[in-house]
Structure formats: C-alpha cells, structure tokens
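Chemist: First, the structure itself, so that you have it in front of you.
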C-alpha cells in the first residue's frame, strides 16, 4: 500500500486507493480478490501480493500504453 | 467509549509530532446503511484530536455530491489525505488494525512531502503522463 501512496505523492496523475476488502465485498468480488494485498491497475491489470519498489513500479508501467517521453526500455519484457 | 486505547493514543500523538505541514483528512460518510460508518468517523475524530497539524473535514456523501466528485470519491466511508492541492491518496473503509498504521504512514508521508522512493523510481514516476488508478485491496489483519 505504501508504494502506491508514494507514487501518488510523486505524480498528481496517480490515484492510490486503499480499499478495505471485507467492507466492499461487491468490488472485491468483481476484481476476484481472494488474497491481499492485491492491486488493480486502471480497473484491469492486477498485481498479487507485495513486491519490492522497482518491481512494483515496473509492473505498473508495463500495463500502460507506450508513452511519448521518459521510461525508455520499460515494458520491453512481457 | 474511545476506540483508541490510551496507550495507543499517546504513541500516535508522539509519532504525529514528526508532521512538518498540515494535513486535511477529508472524510465522506453517510448516517444510514453503512457498516462501520459511525466507528470510522469516530476513529478519525480521535486521531485528528492528537495533532494540531491534523484537520478533519466531514462531508455527507449523499448530500454533497459535488464535493465527492471533486475529491474523486465513489463510495463510503472514504477518507482523502490532503495537503495543499494534492488529493491522490484515499482510504475506503475503516482504517483499523494494520490499516491504521498504514494511515499514519500516509499522513506523515504527505505532511513531510517525502515519498521515500529511490531517485530512480521518482524519475520514472514523474515521467508518467497518463492517469493511473491504483486500487489496493487490503484487510485489517
């Protein structure tokens, strides 16, 4: 959770929601949350569990359509 | 009866002394049909009483739709951690147990404007030019 929040603090385009899964069962069920933490990216891709900072960021960047600037090389590997 | 135990309140007050700028907790809730709505609000009231730098704003989700939209709040209970214009960090549900520690971390991080990320990550995150919505599902234990 901490990493998602850190990203949100660094860039206003990023929104980090921390969702208490048991209080929002419909949403949890929609995103097939069976174990936590589980991170959903733009309502589609997901990351299960906790990852170290650089891996978590790479996983997020991989899901984005190619950007015009920055992040050269990111997303090269499947 | 308070939700925060006396000893916990003392420790939290101590931790919040590390705040370097004010943080607003913008809370959206509703009176009826909301599990833990009342407890969540009470917890935030107790928490915000532990630092002069922490201000709690409570909004009625059903009556204040414009405010909810402004803060991007889609469901309740919701708490947005704000400092200046930034409002990208939200908590949905009651931040109890492990999530309470998480909330404290978020408050301190926002107050100190320090994400704690490596220089390399900061650069990559700053280069992102499209909106990203991260929904992290957690449980209190």
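Chemist: Take residue A:23 and decide whether it is free of Cβ contacts under 8 Å to residues at least 12 places away in the same chain and more than 16 Å from residue B:116 (Cβ to Cβ).
Modeler: yes
Quick grid of which residues meet (1) buried (at least 16 other Cβ atoms within 10 Å of the Cβ); (2) under 16 Å from residue B:99 (Cα atoms):
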site	(1), (2)
B:9	yes, yes
B:18	no, no
B:24	yes, no
B:44	yes, yes
B:63	no, no
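Chemist: Can you work out which of the residues in region A:1-30 that are in contact with a helix residue (DSSP H, G or I) (Cβ under 8 Å, 6 or more places away or on another chain), over 12 Å from residue B:87 (Cα atoms) and not in a helix (DSSP H, G or I) is nearest to the other protein chains (Cβ to nearest Cβ)?
Modeler: So, considering only residues that are in contact with a helix residue (DSSP H, G or I) (Cβ under 8 Å, 6 or more places away or on another chain), over 12 Å from residue B:87 (Cα atoms) and not in a helix (DSSP H, G or I), the one nearest to the other protein chains (Cβ to nearest Cβ) is A:20.
Chemist: It is to be established whether one or more residues within region A:35-53 are part of a helix (DSSP H, G or I), more than 15 Å from residue B:131 (Cβ to Cβ) and within 12 Å of the chain's Cα centre (by Cα).
Modeler: Yes, region A:35-53 has at least one match.
Chemist: Here is a follow-up. Within region A:44-57, which residues are in contact (Cβ under 8 Å) with a residue 12 or more places away in the chain and either at the interface with chain B (Cβ under 7 Å from one of its Cβ atoms) or on the phi > 0 side of the Ramachandran plot (or both)?
Modeler: A:49, A:53, A:57
Chemist: Report the residue count in region B:84-99 for those that are within 23 Å of residue A:7 (Cβ to Cβ) and either buried (at least 19 other Cβ atoms within 10 Å of the Cβ) or touching a strand residue (DSSP E or B) at 6+ places or on another chain (Cβ under 8 Å) (or both).
Modeler: 10
Chemist: Another question, if that's okay. Pick from region B:85-112 the residues that are assigned to a loop (DSSP other than H, G, I, E, B) and in contact with a helix residue (DSSP H, G or I) (Cβ under 9 Å, 6 or more places away or on another chain): which of them is nearest to residue B:40 (Cα to Cα)?
Modeler: Here the answer is B:94.
Chemist: Same structure, new question: Given the criterion crowded, with 20+ Cβ neighbours inside 10 Å, closer than 30 Å to residue A:52 by Cα and more than 9 Å from chain A (Cβ to nearest Cβ), identify the matching residue among B:107, B:81.
Modeler: Answer to the check: B:107.
Chemist: Report the residue count in region B:40-84 for those that are outside any loop (DSSP other than H, G, I, E, B) and free of Cβ contacts under 8 Å to residues at least 24 places away in the same chain.
Modeler: Qualifying residue count for the region: 6.
No value in this document is a laboratory result; all are computed from the given coordinates. Just so we're clear, the structure is a prediction, and the values are computed from it rather than from any experiment. Note that we place each Cβ from the backbone using ideal geometry, even for glycine, and neighbour counts take in every protein chain shown.
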